[in-house]
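Quick notes on the structure that follows.
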Amino acid sequence: MVTRNSPWRRVALVHLPMLLIAVFALGPYLWMALTSLTPPDEIVGRGVATDPWAWTTASYERLFGHTSFLINMGHSLIVALGTVAVGLSLSVTAAYAFSRFRFAGRRLLMIQFLVINMFPIILLVLPLFVLMRRLGLLDTHIALIIANATVAIPFAIWMMTSYIDAIPKSLDEAAMTDGCSRLGALWRVILPLCVPGLVATGIYIFITAWNEYLYALTLGGRSVRTMTVAIQTLIGEYQIEWGLLTAGGVVGALPATLLFLLVQKRLIGGLTQGAVKG
């Protein structure tokens, strides 16, 4: 008989649903990894190889040895890091203003930042394309950094505002009493206490820019071709290189996955722990 405190009840109500969710979420990635390790000439005929002795790295060797995938990943890294620099610079200063000042339209602006994320980014592709063409920035890293920043900054402001709200205003006042300016208090007092928030927000911006495809396809070109566009080019007109395609997907997903695991550790810590001592 299964009682209320029975361990089987916990297994049925907690562990089993969590296992099913994990399988549902990780199943496609596992299948993609297995496909990338299957000999290319057996993928279509025999299917995915589940026997470890039959696995091969031939698809990865072709991906790195016969394509420009490493160069494409370099372009993605430049764009992602540039977007992080621009996004953090603007979102931190805006979040500090929203957190520390009360002004007319503050709540309306914060709501608008959320509303912006409700619209698909395809609505901004044409205006940004026309703007970048007039500025002569098409097929450059700057164009992709600006475009990705338009997507990442609104939610990043919300994230940083919540982090700064958790820091007592008395710390700002104490710093300004000691001679710091408002920006000096932000730089010397607030930012050191916001390191977990900065890391979490920076990783969010990085993942957003790293995985972006539409802007990279529209605003990029031959000179600047990011990893996501490069993976799409592996799909031919008459056939699909499943080994190369899945190998590119595995390699492209690794940085975002590792950073996501890192941000979880940063989010659980207290932001102001030790900032104010009894």
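The values are calculated or read from the model by the stated rules, or taken from the named source; none is laboratory data. Nothing here was measured: the structure is a model prediction, and the numbers come from that model. With ideal geometry, Cβ positions are generated from the backbone for all residues, glycine too; neighbour counts draw on all protein chains shown. All accessible areas refer to the heavy atoms of the entire protein, side chains included, with ligands and DNA or RNA removed. Shrake-Rupley method; radii C 1.70, N 1.55, O 1.52, S 1.80 Å.
Of note:
- Selected residue (only one of S76, S91, S99 is within 12 Å of W158 (Cα to Cα), open to solvent by less than 60 Å² (accessible area, probe 1.4 Å), modelled with pLDDT of 85 or more and under 20 Å from the mean Cα position of the chain (by Cα)): S91
- Helices (runs of 4 or more DSSP H) wholly inside region 142-257 containing at least 3 residues that are surrounded by fewer than 16 Cβ atoms within 10 Å (Cβ to Cβ) and out of contact with any Asp or Glu (no Cβ under 9 Å at 6 or more places or on another chain): 169-177
- For region 38-53, a residue qualifies if it is more than 16 Å from I235 (Cα to Cα) and open to solvent by less than 40 Å² (accessible area, probe 1.4 Å), and the qualifying residues are T38, P39, G47, V48, A49.
- Scope region 102-117; condition open to solvent by 40 Å² or more (accessible area, probe 1.4 Å) and either closer than 10 Å to T161 by Cβ or assigned to a loop (DSSP other than H, G, I, E, B) (or both); matching residues: R102, F103, A104, F113, N117
- Residue count, region 221-250 (criterion: closer than 26 Å to I142 by Cβ and out of contact with any helix residue (DSSP H, G or I) (no Cβ under 6 Å at 6 or more places or on another chain)): 5
- Number of positions in region 118-135 that are assigned to a helix (DSSP H, G or I), in contact with a Phe, Trp or Tyr (Cβ under 8 Å, 6 or more places away or on another chain) and β-branched (V, I, T): 1
- Failed item, numbered, when L138 is tested on (1) part of a helix (DSSP H, G or I); (2) in contact (Cβ under 8 Å) with a residue 40 or more places away in the chain; (3) open to solvent by 30 Å² or more (accessible area, probe 1.4 Å): (1)
- Residue that is farthest from S223 (Cα to Cα) [pool: residues in region 54-73 that are of a type in the set (F, W, Y) and open to solvent by less than 80 Å² (accessible area, probe 1.4 Å)]: Y60
- Where V125 falls short, out of the listed (1) under 26 Å from V199 (Cα atoms); (2) open to solvent by less than 40 Å² (accessible area, probe 1.4 Å); (3) in contact with a helix residue (DSSP H, G or I) (Cβ under 7 Å, 6 or more places away or on another chain): (1)
- A22 being closer than 30 Å to M110 by Cβ and either under 21 Å from the mean Cα position of the chain (by Cα) or open to solvent by 100 Å² or more (accessible area, probe 1.4 Å) (or both): no
- Counted residues, region 13-71 - those being polar (S, T, N, Q) and either at pLDDT below 85 or touching a Ser or Thr at 6+ places or on another chain (Cβ under 6 Å) (or both): 4
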